[in-house]
Amino acid sequence: MASLDRVKVLVLGDSGVGKSSLVHLLCQNQVLGNPSWTVGCSVDVRAQDYKEGTPEEKTYYIELWDVGGSVGCASSIKSTRAVFYNSVNGIILVHDLTNKKSSQNLYRWSLEALNKDSSPTGVIVSNGDYDREQFAENPVPLLLIGTKFDQIPDNKRNEVLTRTAFLSEDFNAEEINLDCTNPRYLAAGTSNAVKLSRFFDKVIEKRYFTRDPSQMTGFTDRKRFNFKSLHYD
């Protein structure tokens, strides 16, 4: 049997932000009725029609690796998580739009995955300008997804959306904001669905059509990622 053409996409973020619900929605196009905490890693698969509607159209399989745990957990658990970070082709960073801390922690999650390190060495400063050049050089495609969009108070919506725009700019990634209990946010033809498809196409292209696909296996031979500072007060 011929091997399947597939890519590996990490789904990272704090516990409780809705990663499992998101992955279930992406892969099954259904709402997850009784989400539970993910222990270790859970993998689900989604079919993606690369360059749909063109002569180059081809079906690839997207493996979505939902990595459990907290960014602040013990170093031994972080070290165990590191085994999931090998041969990564893309990363979806997930945060809870009603939880500012979960947004801040995406910087540490990305450091942990991209450096494949159990103890990130970056120094975070609470004020100042974030050095975006590090992610401009990042060959691993990133997508930023904010969950619980329906739970944002009306008087906080502009503030939250401004914050996510900064995140998107920092990570050099497109952003999607949604409610995982409502499939309409990812309905065919919506801007969210277009962004999602564009991200998966980019992951496939980087994996199968770049001159040096080995660059997608990690950053051990490249400069390490560090943070100078963040936008957050």
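Results, tabulated for the structure shown:
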{"item": "Heavy atoms of PHE200 accessible to a 1.4 Å probe, total area in Å² rounded to 10", "result": "0 Å²"}
{"item": "Phi-based couplings in Hz for the stretch 193-205 (Karplus 6.51, -1.76, 1.60; Gly and Pro marked x)", "result": "5, 5, 4, 5, 5, 5, 5, 5, 4, 5, 4, 4, 4"}
{"item": "HN-Hα J in Hz across the stretch 144-156 - Karplus 6.51, -1.76, 1.60, θ = phi - 60°, x for Gly and Pro", "result": "9, 10, x, 9, 6, 4, 5, 9, 6, x, 4, 6, 10"}
{"item": "Estimated vicinal HN-Hα couplings, Hz - the stretch 95-103 in sequence order (Karplus 6.51, -1.76, 1.60; Gly, Pro = x)", "result": "9, 8, 5, 9, 10, 4, 4, 5, 6"}
{"item": "Links that overshoot a 31 Å alpha carbon limit, given the list LYS19/LYS156; LYS51/LYS101; LYS156/LYS195; LYS51/LYS156", "result": "LYS51/LYS101; LYS51/LYS156"}
{"item": "With all protein chains modelled, accessible area of ASP170 [1.4 Å, Å²]", "result": "0 Å²"}
{"item": "FRET E, pair ASN158, SER15, Förster distance 25 Å, beta-carbon r, rounded to 0.05", "result": "0.35"}
{"item": "Most to least accessible of TYR107, TYR61 (protein chains only, probe 1.4 Å)", "result": "TYR61, TYR107"}
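The values are calculated or read from the model by the stated rules, or taken from the named source; none is laboratory data. Nothing here was measured: the structure is a model prediction, and the numbers come from that model. Here Cβ is always computed from backbone atoms with ideal geometry, including for glycine, and neighbour counts include all displayed protein chains. The accessibility values were calculated without ligands, DNA or RNA, using every heavy atom of the protein model including side chains. Shrake-Rupley method; radii C 1.70, N 1.55, O 1.52, S 1.80 Å.
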